[in-house]
Amino acid sequence: MKIANGQTVIQLFERWSPKSLAVGGDKNGVLIGTLNKPIQRVLTALDVTESVIDEAIELGAELILAHHPIIFRPLSSIRTDTAYGRIIEKAIKHDLTIYAAHTNLDITKGGVNDLMADALGLKDIEVLAPTTTESLYKLVVFVPHTHTDQVREALGRAGAGHIGNYSYCTFNSKGTGTFKPEEGTNPFIGKQGALEFVEELKIETIVTEGQKNKVVAAMIKSHPYEEPAYDLYPLANEGETLGLGRIGYLHESMTLEEFAKQVKKAFDVPTARVVGSLETQIRKVAVLGGDGNKYMAHALRKGADVIVTGDVYYHVAHDALMDGLNIVDPGHNVEKIMKQGVKEKLEKLLKDKKYDTEVVASSVHTDPFTFI
């Protein structure tokens, strides 16, 4: 079996959900333990409770990949005669590593908010509250004609050349490259000390900041030359906008009451708080996992009929009602959707690299509320 170490698991994960996407002051990354060890099993979890720690121990998981950070505020002490201290003590005694991906997992494409929007069946989805715009680069590489297809395919597989809904976008122009292999070289074409003239193709493509290193590595690996000639230019063009929350459309209108029932079913919750007239017709929907109190204005500006979010305050609900914004609050715990979503994504990332490390979604119920 080929088992990934912790550093490899997290490097693969962070290519998808980089820590750089997180909002300022957020707590992400390794909070307990070390990544310098083999990881046979990863447990994905929403919260890290003592029951989740026990589940990880029973499953033989070495790494818990959680959405909510177990340590969010600075610690003044770790007392093992408290419930919180016991959780940390148990994790350390059993050599468990706990890694948190919080707002970066909310923001990233395919993360928490996309999973929630997909569960509601939204279409024409956009970002609700932008936080960043991806930087773009132009990659230019010079390739002998014998290997142009090979290099172009490697660039596309690594993620280069995405423009809107088009992939593998490149521009290709012919030219003549010159070089003289010096002493100590082992040239693919030519001989040491002789100036070579080679018919080459200049391949130009576009890459994002997040893909840049991966694409360049794939290009170098597929290129036949010892020293591939390439250029990387920052572009003034703006890349894709990323941010918190999503907004989109239902496939057909329904009443607020019908929509609230759909929300309960989509997120497997027994109840939901609703703000607004139950007979109101709903078509445009904003969704934001977790605490969405600060984002009512974003939903209003973007013309949402309703926002689906958690932890809504009493006075925020009154303000929304006066502004004509409906709310469906199914609770904070609906972010549990990330357990299966992250499991599937991480499994694919590991499988693509031929690793046999297993990923398991936690089955522990961590919602602290019971409705009676």
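The values are calculated or read from the model by the stated rules, or taken from the named source; none is laboratory data. Just so it is clear, the model here is predicted, and its values are computed rather than measured. Cβ placement follows ideal geometry from the backbone for every residue including glycine, while neighbour counts extend to all protein chains displayed. These area figures cover heavy atoms from the full protein model, side chains too; ligands, DNA and RNA do not enter into them. Shrake-Rupley method; radii C 1.70, N 1.55, O 1.52, S 1.80 Å.
Find the residue count for the stretch 341-372, including only residues that are open to solvent by 30 Å² or more (accessible area, probe 1.4 Å), in contact (Cβ under 8 Å) with a residue 40 or more places away in the chain and assigned to a helix (DSSP H, G or I).
So the answer is 3.
All but one of (1) farther than 18 Å from Lys221 by Cβ; (2) in contact with a Ser or Thr (Cβ under 9 Å, 6 or more places away or on another chain); (3) surrounded by 15 or more Cβ atoms within 10 Å (Cβ to Cβ) hold for Ile203; which doesn't?
Just one mismatch for Ile203, condition (1).
Would it be correct to say that Asn36 is without any contact (Cβ under 8 Å) to a residue 60 or more places away in the chain, in contact with a Gly (Cβ under 9 Å, 6 or more places away or on another chain), under 22 Å from Leu350 (Cα atoms) and open to solvent by 50 Å² or more (accessible area, probe 1.4 Å)?
yes
Just one of the numbered conditions (1) in contact (Cβ under 8 Å) with a residue 24 or more places away in the chain; (2) assigned to a helix (DSSP H, G or I) is not true of Val316; which one?
It is condition (1) that Val316 fails.
Can you name every residue in the stretch 279-304 that is closer than 20 Å to Glu257 by Cα, among the small types (Gly, Ala, Ser) and surrounded by fewer than 22 Cβ atoms within 10 Å (Cβ to Cβ)?
Gly303
Return only the number of the condition from (1) under 30 Å from Lys284 (Cα atoms); (2) without any contact (Cβ under 8 Å) to a residue 24 or more places away in the chain that Lys191 does not satisfy.
Of (1) under 30 Å from Lys284 (Cα atoms); (2) without any contact (Cβ under 8 Å) to a residue 24 or more places away in the chain, only one is false for Lys191: (1).
Restricting the search to the stretch 243-262, which residues are in contact with a helix residue (DSSP H, G or I) (Cβ under 8 Å, 6 or more places away or on another chain) and either among the small types (Gly, Ala, Ser) or at pLDDT below 95 (or both)?
Those that are in contact with a helix residue (DSSP H, G or I) (Cβ under 8 Å, 6 or more places away or on another chain) and either among the small types (Gly, Ala, Ser) or at pLDDT below 95 (or both): Gly243, Gly245, Gly248.
Note down all Cβ pairs under 8 Å where the first residue falls in the stretch 247-260 and is hydroxyl-bearing (Ser, Thr, Tyr), the second is open to solvent by less than 30 Å² (accessible area, probe 1.4 Å), and they're at least six residues apart or on different chains.
Qualifying pairs under 8 Å: Tyr249/Leu122; Tyr249/Val285; Ser253/Ile282; Thr255/Ile282.
Can you list the helices (runs of 4 or more DSSP H) lying wholly within the stretch 78-195 that have 1 or more residues being modelled with pLDDT of 95 or more, surrounded by 15 or more Cβ atoms within 10 Å (Cβ to Cβ) and over 22 Å from the mean Cα position of the chain (by Cα)?
The helices (runs of 4 or more DSSP H) meeting that bar are 83-93, 148-157.
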